[in-house]
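Here's the structure we're looking at; comments come further down.
Just so you know, all these numbers are worked out from the coordinates, no wet-lab data involved. Keep in mind it's a predicted model, so treat the numbers as computed, not measured. With ideal geometry, Cβ positions are generated from the backbone for all residues, glycine too; neighbour counts draw on all protein chains shown.
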Ligand code: AMP
Ligand code: MG
């Protein structure tokens, strides 16, 4: 049965049909990069605007090198240190990489994932696979096969079930680019591999870390992203849920219907049933649970979700999760 599913996933990909595959981060919607119709189908299924580029998944460092026009020693070091794994490297692209994948940018995002089933598909198909998260644009990323089935219940997408994702949020994205005297690096997206791990790994290299990059360099980083089907509200102070209802309704009603092409989630009345999101105290577990919990609460009949965010003694391991949480939230209440 299981072998048959793997075979079916490989056949679908070979025939140019997008297939949902597990990765160690979240489930991806994968298609071969040499088939423009298959790539177009990903954007269509996800309702994703063409300005948001896709990450290309490879099965070796050599395959990654074949997709870029520049592979500096820093890329080699990071790839050797963190691949296969949840690190995406953005580098100047080779001319033959389809600009639909890169949204017309002159760079391409590359990752060698470590999830075993994804690797098996890559090994059989032999062609790199473009694979964004398997959810509709702007919504919560799927971390279990049934999340993907729910998301695409009206579309014929085959889902390869690899169980729950190990990490639970998207990969760290690092851009590497040449400048006059040294290589420059920019962290475009936080993830389970932290900035300090990357800096430590490149200790002996002459690199410059650039803090901010323009929106043009980092498309797809909208203010709101990963949003569940009912509004999520982050509260920095603990309050009585009943007390919160009025404030939440008033503030959500003031939000525009669409922000940076992402539809906001409305509330049609003062919420009668507010659900509290509770996560494990261990940041790795909390990160793994987060998207699944959002989906579960959104399906359970409540009208909105609140999370009472506490100050962490050691904030570093919480950073990537809190980054996603802030984007998934419709509102952040500071007091
Ligand atoms: P996902 O939706 O998880 O597949 O993530 C894709 C994200 O990777 C995009 O939204 C971008 O933020 C980033 N990305 C992909 N390709 C590039 C690129 N060429 N330059 C900068 N960021 C990129
Ligand atoms: Mg995504």
Legend entry - Of the criteria (1) outside any loop (DSSP other than H, G, I, E, B); (2) in contact (Cβ under 8 Å) with a residue 24 or more places away in the chain; (3) surrounded by fewer than 22 Cβ atoms within 10 Å (Cβ to Cβ), which one residue 76 fails: (2)
Inset, instruction - Kindly establish whether residue 142 is in contact with a helix residue (DSSP H, G or I) (Cβ under 9 Å, 6 or more places away or on another chain), within 13 Å of ligand 2 (Cβ to nearest atom) and closer than 18 Å to residue 191 by Cα. - result: yes
Legend entry - Selection within segment 263-279 - assigned to a loop (DSSP other than H, G, I, E, B) and surrounded by 13 or more Cβ atoms within 10 Å (Cβ to Cβ): 264, 265, 267, 270, 271, 277, 279
Inset, instruction - Counting only residues that are closer than 22 Å to residue 322 by Cβ, give me the helices (runs of 4 or more DSSP H) lying completely in segment 111-217 with at least 3 of them. - result: 195-201
Inset, instruction - State all residues of segment 82-139 that are within 16 Å of ligand 2 (Cβ to nearest atom) and within 17 Å of residue 40 (Cα to Cα); if no residue qualifies, say none. - result: 101, 102, 103, 129, 130, 131, 132, 133, 134, 135, 136, 137
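Scanning for something buried (at least 17 other Cβ atoms within 10 Å of the Cβ), out of contact with any strand residue (DSSP E or B) (no Cβ under 7 Å at 6 or more places or on another chain) and not in a strand (DSSP E or B), does segment 304-320 turn up at least one residue? Steps first, please.
Of all residues in segment 304-320, those buried (at least 17 other Cβ atoms within 10 Å of the Cβ) come to 304-307, 309, 318, 320.
Restricting the remaining residues to those that are out of contact with any strand residue (DSSP E or B) (no Cβ under 7 Å at 6 or more places or on another chain) gives 318, 320.
Pick out the ones that are also not in a strand (DSSP E or B) and you get 318, 320.
Yes, there is a match, as at least one residue in segment 304-320 is buried (at least 17 other Cβ atoms within 10 Å of the Cβ), out of contact with any strand residue (DSSP E or B) (no Cβ under 7 Å at 6 or more places or on another chain) and not in a strand (DSSP E or B).
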Inset, instruction - Go over the candidates 251, 223, 296, 242 one by one and state the one that is within 16 Å of ligand 1 (Cβ to nearest atom) and either assigned to a helix (DSSP H, G or I) or within 30 Å of residue 88 (Cβ to Cβ) (or both). - result: 223
Inset, instruction - Considering each residue of segment 154-204, count those that are within 16 Å of ligand 1 (Cβ to nearest atom), closer than 28 Å to residue 143 by Cβ and exposed (fewer than 13 other Cβ atoms within 10 Å of the Cβ), and give that number. - result: 0
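Looking at 144, 151, 124, 116 in this structure, which one is within 16 Å of ligand 1 (Cβ to nearest atom) and closer than 21 Å to residue 23 by Cβ? Show your work before the answer.
Values: 144 fails: within 16 Å of ligand 1 (Cβ to nearest atom); 124 fails: within 16 Å of ligand 1 (Cβ to nearest atom); 116 fails: within 16 Å of ligand 1 (Cβ to nearest atom).
Just one listed residue meets the conditions, 151.
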Legend entry - Hits in segment 45-72 (condition: part of a helix (DSSP H, G or I) and within 15 Å of ligand 1 (Cβ to nearest atom)): 45, 46, 64
